[in-house]
Each structure stands twice: as structure tokens, then as C-alpha cells.
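Reading through the C-alpha cells given below for one structure.
The values are calculated or read from the model by the stated rules, or taken from the named source; none is laboratory data. It should be emphasised that the depicted structure is a prediction, and the values quoted were computed from it without experimental measurement. Ideal geometry is used to build each Cβ from the backbone, glycine not excepted, and the neighbour counts take in all protein chains shown. Heads up: the accessible areas ignore ligands, DNA and RNA and are worked out on the full protein's heavy atoms, side chains in. Shrake-Rupley method; radii C 1.70, N 1.55, O 1.52, S 1.80 Å.
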Amino acid sequence: MSPINLAIVGVGKIVRDQHLPSIAANPDFKLIATASRHGTVDGIESFTAIEDMLKAVPAIDAVSLCMPPQYRYEAAHKALSAGKHVFLEKPPGATLSEVADLEDLAKSKGVSLFASWHSRYAPAVEAAKSFLGSTKINSVHVIWKEDVRHWHPNQEWIWQAGGLGVFDPGINALSIVTHILPKAIFLTGATLEFPENRDAPIAADLHFKNADDLPIHAEFDWRQTGKQSWDIVAETDAGQMVLADGGAKLTINGELKSSEPEQEYPSLYRRFAEIVKAGTSDVDLAPLRHVADAFMLGRRKFVEAFHD
Ligand code: NAP
């Protein structure tokens, strides 16, 4: 089968760090065009607007949308309307309703829509899921604390409404938690801390439970300097499980069970090829729904102004 002719929209940090090497290593894809106001890729035909690209390059089969979430819907609507398969970076959109609209459009056009959650493909996530499925879970503690100045320098969009603030990394934790826990969870209380000069939170403290009253506590914080934490700890009848380093490393009762090299974006592109070939979509909105619930139910606290 000939490769899927792919275009990328929004050539920035994640495209250079992850999408380009993963696409180059996957024979199912051939990058043939980009659309970005400033960014280009060496040797690839480039445009500054998606509509010009779609008109000029009819051979495009699929489009990866990698701009900030507040600007994704318009581009996705244009690509799906033109009959292209669409890969959405995480989070899939700025609202739940706009992504639902895209799902309907993809269905009516007979093309695939992929709401990607890269952290679900971290190497130890499946092992954690099968461990948790084999025992009784008594509590879960999520600690996702990183230094925003290090990871998101000069990203203004992330502090604007719809940019999600600390939920931009926090939603990665939620994408793992919603995948590895056997039952659906829901928010019972939250406190969101907003810098007084920003429209998105710098920290969030979240409490969830499930139908069996399993307590799940999540702490997201962007003010962490020194050691960074991306850990999920579960106390179970079979002992303590620690899924550390963003899903890369699994220990049970202190014994290392899994620590493989990271393959998140290569796995995402394998999955995208799979759904395109199968003629299906993969859109799980659970992580985004929990973030929306936090904005709906959370207490709002104003904290010290944040300056880069
Ligand atoms: P970024 O570099 O700040 O933005 C990506 C590109 O989007 C920019 O280079 C810009 O390209 C375009 N863009 C920016 N503002 C825009 C606007 N107002 N309208 C249209 N296009 C705009 O961000 P990123 O770090 O790559 O993140 C992009 C997405 O990937 C986010 O949803 C993020 O959550 C996700 N992601 C990021 C990482 C990471 O490590 N950075 C990891 C996983 C997922 P032009 O100026 O050329 O148009």
C-alpha cells in the first residue's frame, strides 16, 4: 500500500521534537506539505495558511494539527471538510463541544479523527493497567509537578484562556489515570490557583472518586524547581505501585517491573495509520472532560503574579 500523504499544521516545538522524527521513521507516512505562519521544514513544500495548502496540494490524505488548542478547531474543520484524516495534538480542542462537532463531521465525511494522548503510550502504562486490573485498589495519588519556566518558556498561549495552564501537563496524567483504572472516575472537589496576572491556573489540587468510593488525589503544580515529578502511586491489596517518570517506569513494592525506552510519538503514528487503514476514529474525551469539570467545580484562588 502506498504511504499516507501527510501535512503538518503549526510547526513549532512539539513538531520539531517529536512529530518529524516519528514520521520520518514510519513507512506508512510521507510528509508532503506544511502550513504554519512562520515555521517550515527543510525540503518540504510550505504554506502560511491551511486553506492555501489544501487547495494547492490535493494529494494530501491526512493532516496533523499541532498548533495550540485554542486555534485547532478552525483548522480541523477545514481539513475534515476537505475529506482529510485528522490527527489532533493533545488536548484535542479548547472545548468539549467543538471536539464533538469534529467527531460528527469526520463521521459524515467518512474520514478518521484521532484525538491523540501521547502519555498513554508511555512504555510502562500497559503493565500498570494490567497490574491494577489484577488486584483491589485502595487509593491513588497523582503528583505532577514541574517547572513551567523550563518546559514552557515564552509560550503565551498556555497562560491564556483555553491554554489550560498547569492542566497542559496535568491532562497527560489524567490521560494515563483514565486509561489504567478499571472504573470511571469523577471529580468531587478541586482548588485551582491562578496567578493574579494570568487567565490559566499555575496549580491544581483535585479529588476524584469512583462508584466504589476509591479516593484519588491529584496534585498539579508548575512551580516545582529541582527534581521534577510525574508520578502515579497506587496503594493496593498486592502492595504499592509506583508508575514514575510520566509512565516510563513501573515499580511494585519497590521492585522494578518495567523500564523501557520512550516510544510515545512513534506509537501515536502507528495508531494513526491503524485507524486510517481500518476506517475508524479514536476520540476519547475523558481527560478533557475531567479538566472541564475542574474548571466547573473548582474553587478559584488567586496567588502571586507569574512573570517569565
Ligand atoms: P508552540 O511551539 O508554542 O506552538 C506550535 C506552533 O503553533 C507555533 O510554532 C506556531 O507556528 C503555531 N501557533 C502558535 N500560536 C498560534 C496561533 N495563535 N494561531 C495559529 N497557530 C499558532 O507549542 P508546542 O509546544 O509545539 O505545543 C503545541 C501543542 O502540542 C499543544 O497543544 C501542546 O499541549 C502539545 N504538546 C506539546 C509538547 C511539548 O513538549 N512542547 C508535548 C506534547 C504535546 P507558526 O507561528 O509558524 O504559525
Where a residue in the stretch 143-156 is open to solvent by less than 40 Å² (accessible area, probe 1.4 Å) and its partner, wherever it lies, is within 8 Å of the ligand (Cβ to nearest atom), with Cβ under 7 Å and at least six apart = His152/Ile158
Flagged pairs (Cβ under 8 angstrom, 6 or more apart or on separate chains; first in the stretch 85-98, more than 23 Å from Tyr265 (Cβ to Cβ); second of a type in the set (D, E, K, R) and at pLDDT 95 or above) are Leu96/Arg289
Taking only pairs six or more apart or across chains, which ones have beta-carbon atoms under 8 Å, a first residue in the stretch 270-291 that is farther than 23 Å from Pro69 by Cα, and a second residue that is open to solvent by 40 Å² or more (accessible area, probe 1.4 Å) and of a type in the set (S, T, N, Q)?
-> none
Evaluate the following for Leu65: is it surrounded by 23 or more Cβ atoms within 10 Å (Cβ to Cβ), among the aliphatic types (A, V, I, L, M) and touching a residue at least 12 places away in the same chain (Cβ under 8 Å)?
-> yes
Among residues of the stretch 13-37 being surrounded by fewer than 15 Cβ atoms within 10 Å (Cβ to Cβ) and in a loop (DSSP other than H, G, I, E, B), the residue farthest from the ligand (Cβ to nearest atom) is Pro27
Condition check for Ser259: in contact (Cβ under 8 Å) with a residue 24 or more places away in the chain, small (Gly, Ala, Ser) and crowded, with 16+ Cβ neighbours inside 10 Å = no
Those residues that are within 20 Å of Ala115 (Cα to Cα), out of contact with any strand residue (DSSP E or B) (no Cβ under 7 Å at 6 or more places or on another chain), hydrophobic (A, V, I, L, M, F, W, C) and away from the ligand (no atom under 11 Å from the Cβ), I need them from the stretch 150-180; list them, please.
-> Leu174, Ile180
